[in-house]
Amino acid sequence: MSLKKINTFLTAAFILFILWFGTEFILSPETTAPGFGLPSWPSGDGDGFLIIKGIRDVVLALVLGILLMTGHRRALGWALLVEALAAYGDMTNVLAHHGSVATALGVHGLTATLMVVNGLLMMRETRKVAAAPATPAPQPA
């Protein structure tokens with residue numbers, strides 16, 4: 001299997017996973033929130049903050065999806081690398097608030113690390129194209 005096919009499969013899997021997870025936070029934040037890894041539910045009406053997290057995830061997935069669909073693979077690699085910071089941020093948030101270490105590392109940390117790997121593989125796939133020297137323009141005779 002070619003590197004391009006592997007990258008496409010991994011990226012599509014990330015897009016679907018992030019889109020699904022974000023949609024769950026938008027549609028039913030109260031049932032999805034416990035799986036995030038934080039130890040307690042926000043006091044009062046916390047649904048709005050959870051929906052914000054869902055919207056963020058949906059937007060992150062759409063950015064990746066648009067880059068994949070339009071064939072901007074090098075930009076897609078960069079986006080994967082940058083968007084991994086959101087998952088690392090989620091991991092740090094769970095750990096900082098004494099949440100589940102297993103969820104912080106096993107869900108958020110693993111997701112972020114796999115996104116970095118996918119982003120680096122995408123950069124490797126597109127390296128030759130980006131580094132290829134431009135062909136000189138024909139000179140008039």
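Across all directions, the average projected area of the convex hull around the alpha carbons of the stretch 5-46 is 3.4 nm². Relative contact order of the chain: 28 percent, from C-alpha pairs under 8 Å at least 6 residues apart in sequence. Taking 25 °C and 0.890 mPa s as the conditions, I'd like the Stokes-Einstein D for the chain in µm²/s, using the Kirkwood hydrodynamic radius from alpha carbon pairs. In µm²/s, the coefficient is 148.
Within the accessible surface of the stretch 1-99, defined with a 1.4 Å probe on protein heavy atoms only, the carbon and sulfur portion equals 74 percent. Per residue, the chain exposes 61 Å² of accessible surface when a 1.4 Å probe is rolled over the protein heavy atoms with every protein chain present. Here is what passes the span test in the chain: the DSSP H helices with alpha carbon length of 24 Å or more along the helix axis and a Kyte-Doolittle mean of 1.6 or above are 47-70.
Taken over the stretch 21-90, the percentage of Cα pairs per 5 Å bin, counting from 0 up to the bin with the maximum distance, is 3, 16, 22, 21, 15, 11, 7, 4, 1. Which of the aspartates and glutamates could a cross-linker bridge to Lys5, judged by Cα under 18 Å and excluding same-chain residues fewer than eight apart? Straight-line reach from Lys5, under 18 Å: Glu125.
The values are calculated or read from the model by the stated rules, or taken from the named source; none is laboratory data. This structure is a prediction, so every number in the text was calculated from the model and none was measured. Heavy atoms of the whole protein, side chains included, go into the accessibility calculation; ligands, DNA and RNA do not. Shrake-Rupley method; radii C 1.70, N 1.55, O 1.52, S 1.80 Å.
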